[in-house]
Amino acid sequence: MATTTRQDQAQRLEAIRGLADRFRGRAAAHDREASFPVENFAELREAGLLTLTMPEEDGGRGLWWGDRYREYYQLLEELARIDCSTAQLLQVHCHATGYMSRHATPE
C-alpha cells in the first residue's frame, strides 16, 4: 500500500478549501429544501475527492485502509467545517465505494 505524501494531503485539503464559498452559499437552501447537493458532488468529482477510499490500483487514493485513516478523517473534518451535510454524504459515499471496491467480485 502506498503512502500518501504530505504534499498530496495538502493538495486535497486545499481543494476542499477552494470549494468552501460555493458550498457555504448553497448549504442553507439544500438544508431548507432537504435536497441532495448535486452541484457539490460534481465539484467534489472534479477535484478528485470521490475516490478517496478506493484502492490506488483502481484509480483511487487508498485512504481509510491500513494506516491511512487519519488522512481520510482529516479531509472529512475540513469539509464538515464548511458544509456538514455534504461532508456526511461524502462519508457515506466513500464508505460504500471503499467496501465495494475491495470486497465485490466481478460477478
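The values are calculated or read from the model by the stated rules, or taken from the named source; none is laboratory data. None of these values were measured; they are calculated from a predicted model. Using ideal geometry, Cβ is built from the backbone for each residue, glycine included, and neighbour counts are taken over all protein chains shown. When the accessible area is computed, the model is the full protein with side chains, heavy atoms only, and any ligands, DNA or RNA have been set aside. Shrake-Rupley method; radii C 1.70, N 1.55, O 1.52, S 1.80 Å.
A compact table of results
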| item | result |
| --- | --- |
| Selection count where residues are part of a helix (DSSP H, G or I), among the small types (Gly, Ala, Ser) and either at pLDDT below 95 or within 12 Å of the chain's Cα centre (by Cα) (or both), scope region 50-95 | 2 |
| The listed residue being open to solvent by 40 Å² or more (accessible area, probe 1.4 Å) and either among the hydroxyl-bearing types (Ser, Thr, Tyr) or more than 27 Å from Ala104 (Cα to Cα) (or both), out of Ala15, Ala10 | Ala10 |
| Subset of region 32-47 that is more than 19 Å from Glu77 (Cα to Cα) and over 12 Å from the mean Cα position of the chain (by Cα) - its residue that is surrounded by the most Cβ atoms within 10 Å (Cβ to Cβ) | Glu39 |
| Ala20 vs. criteria surrounded by 17 or more Cβ atoms within 10 Å (Cβ to Cβ) and over 19 Å from Arg6 (Cα atoms) | no |
| Scan of region 48-107 for residues that are more than 23 Å from Ala10 (Cβ to Cβ) and either without any contact (Cβ under 8 Å) to a residue 24 or more places away in the chain or open to solvent by 80 Å² or more (accessible area, probe 1.4 Å) (or both), ordered by number | Glu57, Asp58, Gln88, Val92, Ala96, Tyr99, Met100, His103, Ala104, Thr105, Pro106, Glu107 |
